[in-house]
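Take a look at the structure below.
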């Protein structure tokens, strides 16, 4: 069974509308589930219609590839932990980039054999190869940094920017040569130089900028898909790629604003990452003049009718999977007449929306979860700020220390709360490698330990009291 071109165009239009509605749904936690469903329906329609297209002449390889991909996807989806979601997203971006390169190269040799090459198509192939190759290797480097395979510290060397500029100019020159003169060696050099550029663009970016990198690579993967759409003359792929490309670019801009960082500065370099010894956290705290507290101290402050508690989740919560314990803690405190809210920084975690997803997974009501601009005015009236592994986004150095690499980045005003309890495994700095000045405040006490275990101890102590 095959469908006509008109039916295919109409179905693609429906899919495009569903994708747009899906993106709109993802702008709010309350409608995110519906947005996902709409986008999935759009994708099902798009795949079904494409398979019924007259251009499809055989299904054997498609079925084999689909089955292999489905098995891998199902296994990964079932086994992946939420803490590993950022690196999974980076890896998926790399697949899109590699697919763009392979489609461009395959189309070139196919069209060359049939004699249907022209300058416009060659230019489209060049764009697809460049964007796809940069996305592929850049995403692999991001995956390596997030997974801990590579150091999260920025790798900077002399004349790095000049080298990137030279490679960029050479790549553009080779792309022009390939488009006009059809030199095969230019295509191979474009691929190699673009692979190198992808690595060189990401290695100087430090850990603290990783959320921006993820959204930036998301944008790149969209443009790679759009370039593939032009190559295959598939309108829906062009539309879908443009949607992903623009949404990723807008998100990158929003993330940079949240960090008070210029997008160009993120691309050209990142925050440093320091190393801390493996001494006892209590010993390091005493050595540095930092107060350590017990679970009973925190319960004493929170277990009061009318108490105002603000919870600040971070990557430490994600690693420990402490969101469910926090949900139980919230419910117990509310039963005792306390008010509990959750403060979300735009770049908390390792990717945009990381904390929102985890809190939603624990069924914490959306109205309890507030963004930075909404919650910051409430910190001065908070009795307790409970920080669960959120380091850099609570660091007053961003406001007080002009020499700090995070100076100027908007933070959650945790330091303005009456009392702060900071749950942390050790005295190590956060992903930015910057010592947190919050630890040395008179109103801050450390609760050392695994975030989930500490939160469960808080619940137990509350129940006992």
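The values are calculated or read from the model by the stated rules, or taken from the named source; none is laboratory data. Every value quoted in this text rests on a predicted model; they were computed, and no experiment measured them. Counting neighbours? That spans all protein chains shown, and the Cβs are built from the backbone with ideal geometry, glycine included.
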Complete set of residues in the stretch 216-248 that are surrounded by fewer than 24 Cβ atoms within 10 Å (Cβ to Cβ) and under 28 Å from residue 434 (Cβ atoms):
219, 248
When restricted to 88, 92, 78, 98, the only residue closer than 23 Å to residue 16 by Cβ, within 23 Å of the chain's Cα centre (by Cα) and part of a helix (DSSP H, G or I) is 92
Looking only at residues in the stretch 445-454 that are assigned to a helix (DSSP H, G or I) and touching a strand residue (DSSP E or B) at 6+ places or on another chain (Cβ under 7 Å), which one is surrounded by the most Cβ atoms within 10 Å (Cβ to Cβ)?
451
Considering (1) out of contact with any helix residue (DSSP H, G or I) (no Cβ under 7 Å at 6 or more places or on another chain); (2) surrounded by fewer than 16 Cβ atoms within 10 Å (Cβ to Cβ); (3) in contact (Cβ under 8 Å) with a residue 60 or more places away in the chain, say which one residue 335 fails and leave the rest.
(3)
State whether one or more residues within the stretch 393-413 are over 16 Å from residue 347 (Cβ atoms), in contact with a strand residue (DSSP E or B) (Cβ under 6 Å, 6 or more places away or on another chain) and at pLDDT 90 or above.
no
Out of (1) in contact with a helix residue (DSSP H, G or I) (Cβ under 7 Å, 6 or more places away or on another chain); (2) more than 23 Å from residue 138 (Cβ to Cβ), what's the single condition that is false for residue 71?
(1)
Within the set of pairs 6 or more residues apart or between chains, which connect a residue that is closer than 22 Å to residue 229 by Cβ inside the stretch 31-47 to a residue that is at pLDDT 90 or above and not in a helix (DSSP H, G or I) with Cβ atoms less than 6 Å apart?
none
Of 48, 16, 10, which residue is surrounded by 18 or more Cβ atoms within 10 Å (Cβ to Cβ) and modelled with pLDDT of 90 or more?
16
It is to be established whether one or more residues within the stretch 353-373 are free of Cβ contacts under 8 Å to residues at least 40 places away in the same chain and assigned to a strand (DSSP E or B).
yes
Would you mind telling me which numbered condition in (1) outside any helix (DSSP H, G or I); (2) touching a residue at least 12 places away in the same chain (Cβ under 8 Å) residue 402 fails?
(2)
Considering the stretch 13-30 alone, what residues qualify as being touching a residue at least 40 places away in the same chain (Cβ under 8 Å) and part of a helix (DSSP H, G or I)?
15, 16, 19, 20, 23
List the residue pairs whose Cβ atoms are under 6 Å apart, where the first residue sits in the stretch 174-189 and is within 12 Å of residue 124 (Cα to Cα) and in the same structural domain as residue 112 (by TED's automatic domain parsing), the second is loosely packed, with under 14 Cβ neighbours inside 10 Å and modelled with pLDDT under 90, and the two are 6 or more positions apart or on different chains.
179/119
Looking at residue 418 and the list (1) in contact with a helix residue (DSSP H, G or I) (Cβ under 9 Å, 6 or more places away or on another chain); (2) free of Cβ contacts under 8 Å to residues at least 12 places away in the same chain; (3) closer than 21 Å to residue 336 by Cβ, which single condition is not satisfied?
(2)
Quick one: which residue in 325, 292, 298, 320 is crowded, with 20+ Cβ neighbours inside 10 Å, under 21 Å from residue 441 (Cβ atoms) and either in the same structural domain as residue 214 (by TED's automatic domain parsing) or touching a helix residue (DSSP H, G or I) at 6+ places or on another chain (Cβ under 8 Å) (or both)?
298
Pick out the one residue from 155, 200 that is modelled with pLDDT under 85, under 28 Å from the mean Cα position of the chain (by Cα) and not assigned by TED's automatic domain parsing to the domain that holds residue 405.
155
For the stretch 349-380, name all the residues that are crowded, with 20+ Cβ neighbours inside 10 Å and under 13 Å from the mean Cα position of the chain (by Cα).
349, 350, 351, 352, 354, 355, 356
Would you check if residue 340 is closer than 20 Å to residue 454 by Cβ, in a strand (DSSP E or B) and either touching a helix residue (DSSP H, G or I) at 6+ places or on another chain (Cβ under 8 Å) or touching a residue at least 12 places away in the same chain (Cβ under 8 Å) (or both)?
yes
Between 125, 120, 200, 187, which is over 15 Å from residue 221 (Cα atoms) and loosely packed, with under 15 Cβ neighbours inside 10 Å?
120
Take residue 176 and decide whether it is modelled with pLDDT of 90 or more and under 30 Å from residue 314 (Cα atoms).
no
